[in-house]
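Participant: First, the structure itself, so that you have it in front of you.
The values are calculated or read from the model by the stated rules, or taken from the named source; none is laboratory data. Bear in mind that the values here come from a model prediction, so they are computed numbers and not experimental data. All Cβ positions, even for glycine, are placed from backbone atoms using ideal geometry, and neighbour counts span all protein chains on display.
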Amino acid sequence: MATKLFIIAILINASFAFWFHRPTPVAQADGREVDEACLQHAQNGNCEFYTCFDNRLPCGDDYYMKKHGSYYCNKTTNNMHRFTAAGQQFLTDIKVCLMEPLQELYTRDFIDCHDLEHEAVAAIAPCFNEYNFCEVLRTNAEEFFRIYEVTDLFTRGAGKIWRAILRIATDCGSQYTRQFSSDLSETLLNSANDFMNSLGSLPINNIFGSDDTEETP
């Protein structure tokens with residue numbers, strides 16, 4: 001278990017190091033008017049909000065609104081049918097909640113793309129806690145793991161998102177956290193193996209050693 005959690009920590013910290021000194025642009029509206037239909041998307045929890053936000057204040061494909069906001073919003077929508085009724089309600093509620101603080105930012109004439117990312121990630125913990133993430137996670141853990149992929153860790157801002165969610169999960173109680181960490185580490189290791197194999201490298205289990213030992217005949 002210690003080895004598995006060590007790998008997760010390396011992956012998350014590597015994602016921070018990968019992007020640490022990259023300069024961020026300032027998005028300019030350049031005369032583009034505020035679109036009331038875009039604000040309505042946010043009030044309805046419609047994933048199109050992330051696209052129309054970036055259309056007015058373009059940070060680009062490598063920044064939060066498209067890279068993570070739109071990506072994860074659409075991914076949760078597409079996987080919503082896999083969740084329990086309570087899980088589906090949770091996803092519906094947090095989509096609206098996560099977009100709410102971004103509405104005022106959308107009306108500005110310019111915004112630093114790093115500051116935008118910070119504001120968006122800062123909303124994760126309050127929204128997840130407000131809508132009882134811990135209770136939903138107990139019966140929907142596998143479904144949540146379908147949404148997050150290890151390769152996402154190496155994109156701008158992903159490490160912050162993972163850290164925010166893992167931090168919330170640790171507040172769900174020590175007993176459940178142990179189960180959550182075990183399931184999460186197994187999922188990450190499987191995904192990491194696939195990722196390394198796609199690069200033609202050795203599987204991570206072979207590099208770090210497997211928890212299972214082969215029986216000698």
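Participant: Specify the residue that is modelled with the lowest pLDDT; the eligible residues are those in segment 110-161 that are farther than 29 Å from E33 by Cβ, among the hydrophobic types (A, V, I, L, M, F, W, C) and surrounded by fewer than 20 Cβ atoms within 10 Å (Cβ to Cβ).
Facilitator: Only one residue tops the list, namely F154.
Participant: So, one more: Quick one: is N129 in a helix (DSSP H, G or I) and free of Cβ contacts under 8 Å to residues at least 12 places away in the same chain?
Facilitator: Here the answer is no, as N129 does not meet what is asked.
Participant: From I111, I124, grab the single residue that is farther than 15 Å from I161 by Cβ and in contact with a helix residue (DSSP H, G or I) (Cβ under 9 Å, 6 or more places away or on another chain).
Facilitator: That would be I111, the only listed residue that is farther than 15 Å from I161 by Cβ and in contact with a helix residue (DSSP H, G or I) (Cβ under 9 Å, 6 or more places away or on another chain).
Participant: From the residues in segment 44-70 that are in contact (Cβ under 8 Å) with a residue 60 or more places away in the chain and out of contact with any strand residue (DSSP E or B) (no Cβ under 9 Å at 6 or more places or on another chain), which one is surrounded by the fewest Cβ atoms within 10 Å (Cβ to Cβ)?
Facilitator: So the residue we want is D62.
Participant: While we're looking at this one, here's another question. Just to be sure I understand, how many residues within segment 24-51 are over 18 Å from L91 (Cα atoms) and within 20 Å of the chain's Cα centre (by Cα)?
Facilitator: Within segment 24-51, residues that are over 18 Å from L91 (Cα atoms) and within 20 Å of the chain's Cα centre (by Cα) number 2.
Participant: Among (1) touching an Asp or Glu at 6+ places or on another chain (Cβ under 9 Å); (2) crowded, with 18+ Cβ neighbours inside 10 Å; (3) modelled with pLDDT of 70 or more, there is one condition T187 misses while meeting the rest; what is its number?
Facilitator: (3)
Participant: Take C97 and decide whether it is surrounded by fewer than 19 Cβ atoms within 10 Å (Cβ to Cβ) and among the hydrophobic types (A, V, I, L, M, F, W, C).
Facilitator: It is true that C97 is surrounded by fewer than 19 Cβ atoms within 10 Å (Cβ to Cβ) and among the hydrophobic types (A, V, I, L, M, F, W, C).
Participant: Considering only segment 23-86, give the helices (runs of 4 or more DSSP H) lying wholly within it that have at least 1 residues that are among the aromatic types (F, W, Y).
Facilitator: Answer list for segment 23-86: 48-56, 71-79.
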